[in-house]
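The values are calculated or read from the model by the stated rules, or taken from the named source; none is laboratory data. These numbers come from a predicted model, not from an experiment. Counting neighbours? That spans all protein chains shown, and the Cβs are built from the backbone with ideal geometry, glycine included.
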């Protein structure tokens, strides 16, 4: 083997065959990825709770990570344990402080705005946004909406609960 080939073999060998979580156990993005994989497999066991907790523990200042974990918990709220719900609420609280707009828009699209708006507190701007979302939801969830109303709601990311009535 030539010297150049030996150098290339060393430079391009795999760093480690260990899973990333074992290689870098304090990296919050690996814990968030583990939580995402477990949620995709619908495995909301203690392992999911632990992944959420460790991601929060190692990444308390990671804004995008906290938003991602808040949305992950909101998306699967009905299947979560009490511990996972408490952790999700902590992620929601952290995201409301720094990324309230993105969190509220995504929660509204998932039909989980009531869970987020319950955590807003006394911020008048966020309370106004929550009241507007509630009004929009009441309007768009009417039974048998017209096609025009359905289109109007969809343009505002409000999926109507009922199908539109047939045009005459």
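Observations on the model:
- The set of residues in the stretch 28-45 being assigned to a helix (DSSP H, G or I) and either touching a residue at least 24 places away in the same chain (Cβ under 8 Å) or closer than 20 Å to residue 93 by Cα (or both) consists of 28, 29, 31, 32, 35, 36, 39.
- Test for residue 66: is it free of Cβ contacts under 8 Å to residues at least 12 places away in the same chain and outside the structural domain of residue 126 (by TED's automatic domain parsing): no
- Unique match (being modelled with pLDDT under 90 and surrounded by 12 or more Cβ atoms within 10 Å (Cβ to Cβ)) among 100, 95, 146: 146
- Taking the criterion of being farther than 14 Å from residue 105 by Cβ and surrounded by 11 or more Cβ atoms within 10 Å (Cβ to Cβ), the residues of the stretch 129-143 that qualify are 131, 134, 139, 140, 141, 142.
- Qualifying residue in the stretch 117-139 (condition: closer than 26 Å to residue 51 by Cβ and without any contact (Cβ under 8 Å) to a residue 40 or more places away in the chain): yes
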